[in-house]
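Let me begin by presenting the structure, written as structure tokens, before commenting on it.
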Amino acid sequence: MINLIEKLYCTENLTDAELKALIEDNSDEVSSHLAKRADEIRQKYYGKKVFLRGLIEISSYCKNDCYYCGIRRSNKSAERYRLDRSQILKCADIGYKLGFRTFVMQGGEDAFFNDDYICSVISEIHRNFPGCAITLSLGERSAESYGKMKAAGADRYLLRHEAADEKLYQKLHPAEMSLDNRKKCLYNLIETGFQTGSGFMVGAPFQTTDNIISDIRFLQKLNPHMIGIGPFIPHKYTPFRDERGGTAELTLRLLGILRLMFPKVLLPATTALGTIAENGRVLGLKTGCNVIMPNLSPEEVRCKYSLYDNKLITGGEAAEGLSLLKSEIEAAGYEVASERGDYVSQHC
Ligand code: 5AD
């Protein structure tokens, strides 16, 4: 197995059979060697830097009905909210003063946030906070909409493909949603010039190792700038309430594998990973991750943006919360970068 890690480290690829063997090996020896090599590669391109992204959850309204997600439209128990322009700008202002240089506007698919509204907020953030990157995570939209948002100054876009295997995609989503459209959106985003992120949940219901290999192969085709993976965590008001969640061990193994396959990718240690494992995000950093996304949403709405149960709420809003995170990052041997943290090839 160590030889497979070495092959992956040297060639950035493995056969399906090799990948399967590596993904399914949960020995400590594999975990620690993978972490060591992943950390080496991440340091080669990004040094010890950890980029912070200030997450602003702008709307918990969603027209979609994904079976795993707590803000699906059929969840009548969800309290819905949307932030207005001044609330979003206030979050960015607080974040800017705390040193954030990327803001991520994320939300459910909410028609209220039409192109004009989003574009004017993008322009205003740029005007008020020069030198910052703007990331959007607003789901599937038309190519024209992506074009307008890019022209208005958005830099990056996150849209997980969720499951690259058609059959699994259909088990996780209602028939009205399509994998083809999701993929088309991702290619449109790249074509539009966005630094684009994709990804999937680890341990989603019905997911097999072969499904994970399909996800990895899709990512190799897409070649995104960012990859977001985190464990599936059941939410009590969804059809998957009784399903088992993904594990931190498998998530970490996949993060290590992804770092070796995509040496320059921006790889977050996700909130979901931090939610299921104590110290999960620091373990992620030690296994190739180089991004953390603290929450900048107003405190009163945080619990309403509930994608899964017991979501970790990291204090990015309060100076103490952030300094605790910073000291954890530093204690792990990394440093918090005070830059936008773009994909590395764009600097070279
Ligand atoms: N567990 C973990 N991740 C989830 N997401 C949605 N619901 C869950 C859940 N129950 C993820 C999806 C989505 C991202 C915003 O959050 O992958 O793309």
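The values are calculated or read from the model by the stated rules, or taken from the named source; none is laboratory data. Please read these numbers as outputs of a predicted model, since none were measured by experiment. With ideal geometry, Cβ positions are generated from the backbone for all residues, glycine too; neighbour counts draw on all protein chains shown.
Residues of the stretch 70-89 that are free of Cβ contacts under 8 Å to residues at least 12 places away in the same chain and in a helix (DSSP H, G or I): S86 alone. Where strands (runs of 3 or more DSSP E) fall wholly inside the stretch 90-161, the ranges with 1 or more residues that are free of Cβ contacts under 8 Å to residues at least 40 places away in the same chain are 133-137.
For the stretch 209-226, what are the residues that are within 13 Å of the ligand (Cβ to nearest atom) and either touching a Cys at 6+ places or on another chain (Cβ under 9 Å) or more than 24 Å from I190 (Cβ to Cβ) (or both)? Walk me through how you get there before you give the answer.
Quick first cut of the stretch 209-226, residues within 13 Å of the ligand (Cβ to nearest atom) only: 215, 226.
Those that are within 13 Å of the ligand (Cβ to nearest atom) and either touching a Cys at 6+ places or on another chain (Cβ under 9 Å) or more than 24 Å from I190 (Cβ to Cβ) (or both): none in the stretch 209-226.
The sole residue among L322, L312, L283 that is modelled with pLDDT of 90 or more and either crowded, with 16+ Cβ neighbours inside 10 Å or touching a Gly at 6+ places or on another chain (Cβ under 8 Å) (or both) is L283. Do the conditions hold for L250, that is, is it assigned to a loop (DSSP other than H, G, I, E, B), under 16 Å from A204 (Cβ atoms) and within 15 Å of the ligand (Cβ to nearest atom)? No. For the stretch 322-341, which residues satisfy the criterion of being farther than 11 Å from V282 by Cα and in contact (Cβ under 8 Å) with a residue 40 or more places away in the chain? Passing the criteria: L322, E335, V336, A337, S338, E339, R340, G341. Restricting attention to the stretch 236-276 and to residues that are surrounded by fewer than 20 Cβ atoms within 10 Å (Cβ to Cβ) and in contact with a strand residue (DSSP E or B) (Cβ under 9 Å, 6 or more places away or on another chain), the residue that is farthest from G199 (Cα to Cα) turns out to be T247.
Yes/no matrix, rows are residues, columns are (1) part of a helix (DSSP H, G or I); (2) away from the ligand (no atom under 14 Å from the Cβ); (3) touching a residue at least 40 places away in the same chain (Cβ under 8 Å):
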{"position": "Y169", "(1), (2), (3)": "yes, no, no"}
{"position": "P174", "(1), (2), (3)": "no, yes, yes"}
{"position": "F200", "(1), (2), (3)": "no, no, yes"}
{"position": "Q207", "(1), (2), (3)": "no, no, yes"}
